[in-house]
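No lab work stands behind these numbers, since they all come straight from the coordinates. Because the structure is predicted, anything quoted here is derived from the model rather than measured. Reconstructed Cβ throughout: ideal geometry from the backbone, glycine too, with neighbour counts over all protein chains shown.
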């Protein structure tokens, strides 16, 4: 007589926390998560704590000296932030990231960490208006000079403007509002020859469309308020360290990274290796300037990232539908959208952006400012507001809002005309968006 043997007890397989090598969609949901030991919460908790207990005298000292990487103060490190940082770094392909209070804070902390009084930065001229104002007003007051490259596709212009004191170059993958795409790989080839880090604002494209670090960029920044969060409920910004720039080997000095921060202490390069920039910004510049992100906003950022690819697919699909419709409308003078075959930037969209051009672009209504006013005031589905990257579609008149402080000559050079309207295309039904635009254009330019 035989008896069935009692099956052996098998220990449960532990949850996975290393998501390297997994697909984009999987990593946007899981990457960066930490074991939640207290209650097994499946969603990252919001750690609403300004500071953290030390277990001992020795642990307190170790955290202040950097020997222990544990929590110290939420101004530069918070457990909720840590998950968002790891997730964004994973999606962009960086070695680490830092989240801060806004996209403007991310640009400020990074570039002021690289350049100081008497030094120089290069930027493309066609970038977000707030970034231009930051450079021209605040950076100038601090003694950091910024020059603008008018034609990023011209290598000679870059070469002509680079100086011995140039400490970084800055571009946007998809500039706002003109959608004049930048070939990151071509610019990176130039900056690499000169030993200058290339900083890329990837806010409008997101890593779903293009990952600049794969094209030679050294650092990526985001106004993660926009597409990464997606729902328009929270401000945040992010800096992603590519971990590839040779700070110690550059012909240009980066003393904050390569020199000891104090007597008897190693430099950030010596202490952190590929993570040197991340550590320098986290424990130096970000800690000093204090652009801290609320843990609640960090939580909301994570919630948004979980659906990034799903939202971006609809944003991109709707943008093509709307731009193509506008391009054929008799009341529309021109459409600035690199996804259209007739765009001078279409080849870059095809070769570098997987055929995409994002979902923030501009068009010019016939009839100038008066027609733009009538169009703007007639919108009912599109929200009249200054944000971009929301699930909701939005419209703005740049010449009277974001670029109102620019001289008429500079607006003309940037192509910001009186009839120009910026659109941020959301995820609504495309036919509803087109119907709203059609009604507004009829009000703007009555057909005879």
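Among beta bridges identified by DSSP and lying wholly in the chain, the antiparallel ones come to about 55 percent. Length available on full extension from residue 443 to residue 296: 0.36 nm per residue minus the Cα-Cα distance, which gives 48.7 nm. Mind checking the angle between helix 184-194 and the chain's longest principal axis? C-alpha axes, 0 to 90 degrees, to the nearest 10. The angle comes out at about 60 degrees. Computed packing ranks the peptides 255-263, 88-96, 161-169 as 88-96, 161-169, 255-263, most packed first, by mean other Cβ atoms within 10 Å. Calculated mean residue ellipticity, 222 nm, the chain: -10000 deg cm²/dmol, from DSSP H runs (n ≥ 4) at -39500 (n - 2.57) each, averaged per residue and rounded to 500. Taking 0.36 nm per residue of sequence separation and removing the Cα-Cα distance, the residue 385/residue 270 pair yields an extension gain of 36.7 nm. Put a dot 7 Å past each Cα toward the Cβ at residue 366 and residue 410; how far apart are the dots in nm? Simple spin-label model gives 3.3 nm for this pair.
Of the peptides 430-438, 418-426, the ranking by mean beta-carbon count within 10 Å, highest at the top, reads 418-426, 430-438. For the pair the range 305-324 and the range 216-290, the centres of their Cα atoms are 30 angstrom apart.
Here Cα Rg over 2.2 N^0.38 Å was computed from the coordinates, and among (i) 1.12; (ii) 1.23; (iii) 1.07 the match is (iii).
Segment residue 321..residue 435, full-extension length gain: 39.8 nm, with 0.36 nm per residue of separation and the alpha-carbon distance subtracted.
Counting neighbouring beta carbons within 10 Å and listing from fewest to most, the residues 156, 85 come out as 156, 85.
Just check the range 56-305 against the gyration tensor rule for me: Cα atoms, a ≥ b ≥ c as the square roots of the eigenvalues, rounded for a/c under 1.5, and otherwise prolate or oblate depending on whether a/b exceeds b/c. Taking the square roots of the gyration eigenvalues as a ≥ b ≥ c, the range 56-305 is oblate.
In this simple spin-label model, placing a label point 7 Å from the Cα along the Cα-to-Cβ direction at both residue 156 and residue 328 gives a separation of 4.1 nm. Treating the angle as unsigned and between 0 and 90°, give the value, to the nearest 10°, between the Cα long axis of helix 308-327 and the longest Cα principal axis of the chain. Long axis of 308-327 versus the principal axis of the chain: about 10 degrees. Relative to the longest principal axis of the Cα atoms of the chain, the long axis of helix 368-378 makes an angle of roughly 60 degrees. With R₀ set to 56 Å, the beta-carbon distance separating residue 5 from residue 65 gives a calculated FRET efficiency near 0.45.
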